[in-house]
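Structure record follows, encoded as structure tokens.
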Amino acid sequence: MRILTAGESHGACNIAIIEGFPKGVRLEESIINKDLLRRMHGAGRGKRMALEQDQAKIIAGLRNKFSLGSPIALLIANKDNQIFSQKKDLLKSLNVPRPAHADLSGSLKYQEKDIRNILERASARETVARVACGSVCKQFLSNFGISFASFTVSVGQVYSGCKPKNTAEILSKTKKSKLNCIDPLAEEKMIDLINECADSHDTLGGIVELWIDGLVAGIGNMMHFDRRLDAKLASGLMSIPAVKGVEVGLGFDYAKQRGSKSHDAIYYSSSKGFYRKTNNSGGIEGGLSTGEPVVLRLAMKPIATLTKPLESVNMVTKRKAKAPSVRSDTCAIAALGPISESMAAISVFDSFLEKFGSDSLKEIQRSYLQYKRNIHRFK
């Protein structure tokens, strides 16, 4: 399976192609658009999201809502369309790089002094195509009882200590949340902090927790380093703009504890088979799913673009200058949830196909059911 995205932040559209998607899977644009809507909303989002009305169109790979086994192509139009492929635009050249963006490193890499030619692709706007692809993968995985959910753990120094039991609880408690948070009291404090930061022309980051329910044991591969489930998930999640850290299970807290107090002991019963009473490993051991919920956390840095800009240097004159103040968010933590779910779904989807085949849904279902029977017999 391979996914390719194309498009610039202020170009005509964002496009994605999914290669290797199985035949016979029912896909609904309306479900994709619900995920795109979740990505757009939330306290702290900027004016760009008020301009856009993200709607995905599946333009290839389906007939009568069912996948054909051929590449699936998706298109999401940009309403804020300011650059063009065949005619000159009216945008001024940007020569002062913004700290914490790809502006300077990208300009040096491509020997480009107009930063617009870098930032248009480096922009987090590209994640709109990834959310669409992830939603397609989630629709496939739902046929096997696999679900994804996320919630905001913190914004700045404001933390929530609430712990959910499963994805269903997360989805229920975040349904009406402005910050994708399961803790209403903490959310109020988070929103107050975001408003305070906006008034002082500053930005915020935070932490998101991501859950995956329904994975059977053995998804992933310990034989090859690049096929480990945790490696794939970490790679996908770290590719999200502004994400600076990913933890699985206890994560860095594992390093503070002794093994006797932190590892998940194994038990057996005739009704449950093999099981754990704890899930400190976050549902992954040795690069393989354990059958417990997969639990990950993502650290998001504060939004890089500031309305009260930091010091920088003009790349043409080499003189000191203030970084440009480009329209942006104060805090995009609410968007990180659906984006992370989509990236996780893409990673799980890829490992799932490696295990059970990829030609058609019916073939994969037969292989999956046989594997579950094998696990049951192994009990």
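I need to check one value: relative contact order of the chain, counting alpha carbon pairs closer than 8 Å and at least 6 residues apart, in percent. Working shown, then result.
Details: 779 pairs, mean separation 86.2, N = 379.
Across the chain, relative contact order equals 23 percent.
Which of 325, 67, 160 moves the most in a Gaussian network model of the chain with Cα springs under 10 Å? So, out of 325, 67, 160, the one fluctuating most is 325.
From largest to smallest, the equivalent ellipsoid semi-axes obtained for region 154-215 from the alpha-carbon gyration tensor read 25, 11, 9 Å. Under a Gaussian network description of the chain, with springs only between Cα atoms under 10 Å, the residue in 331, 181, 197 that fluctuates furthest is 197.
Cβ crowding within 10 Å ranks 41, 101 as 41, 101, fewest other Cβ atoms first.
Panel order for 290, 167, 278, by other beta carbons found within 10 Å of each beta carbon, from fewest to most: 278, 167, 290. Restricting region 87-171 to trypsin sites (Lys or Arg not before Pro) that sit in a DSSP loop and have at most 15 other Cβ atoms within 10 Å of their own Cβ leaves 87, 88, 92, 113, 165. Placing a pseudo-label 7 Å from each Cα along the Cα-to-Cβ vector at residue 53 and residue 108 gives an inter-label distance of 4.4 nm. For Cα extents along the principal axes in Å, one of [x] 67, 57, 35; [y] 72, 50, 39; [z] 72, 45, 37 was computed from the structure I shared and the rest are decoys. Which label? From the options [x] 67, 57, 35; [y] 72, 50, 39; [z] 72, 45, 37, the structure gives [y].
Under a Cβ-only charge scheme (Lys and Arg +1, Asp and Glu -1), can you give me the dipole magnitude of region 2-378 about the Cα centre, in debye to the nearest 20?
On the way: 55 positive and 38 negative charges, 63 e Å.
The calculated dipole for region 2-378 is roughly 300 debye.
In the chain, which whole DSSP H runs stretch at least 18 Å along their own axis (Cα) and average 0.0 or higher on the Kyte-Doolittle scale? Could you put the intermediate results ahead of the total?
Details: long enough: 127-141 (20 Å, 0.93); 184-199 (23 Å, -0.12); 333-356 (34 Å, 0.97); 361-378 (25 Å, -1.25).
Taking the DSSP H segments of the chain (at least 18 Å long, mean hydropathy at least 0.0), we get 127-141, 333-356.
Potential lengthening of the chain between residue 317 and residue 224 amounts to 28.5 nm, from the contour at 0.36 nm per residue minus the alpha-carbon distance.
The residues 103, 226, 192, when put in order of fewest to most other Cβ atoms within 10 Å, stand as 226, 192, 103. Taking 24 Å as the cut-off for C-alpha to C-alpha distance, list the pairs among 65/176; 277/372; 138/232; 113/322 that go past it. Listed pairs above 24 Å: 65/176. Residues considered: 287, 273, 106. Largest GNM mean-square fluctuation over the chain, using C-alpha springs under 10 Å, is found at 273. Loop-located trypsin sites (Lys or Arg not before Pro) in region 170-257 (DSSP state not H, G, I, E or B) with no more than 10 neighbouring Cβ atoms inside 10 Å: 175, 176.
With runs of 4+ DSSP H residues as the only contributors, calculate the mean residue ellipticity of the chain at 222 nm using -39,500 (n - 2.57) per run, divided by the residue total and rounded to the nearest 500. It lands at -10500 deg cm²/dmol.
Readers should treat all values here as calculations from the given coordinates under stated rules, not as data from a laboratory. The shown structure was predicted, so the numbers you read here are calculated from the model rather than taken from an experiment. Methodologically, a virtual Cβ is constructed for each residue, glycine included, from the backbone with ideal geometry; neighbour enumeration extends over all protein chains shown.
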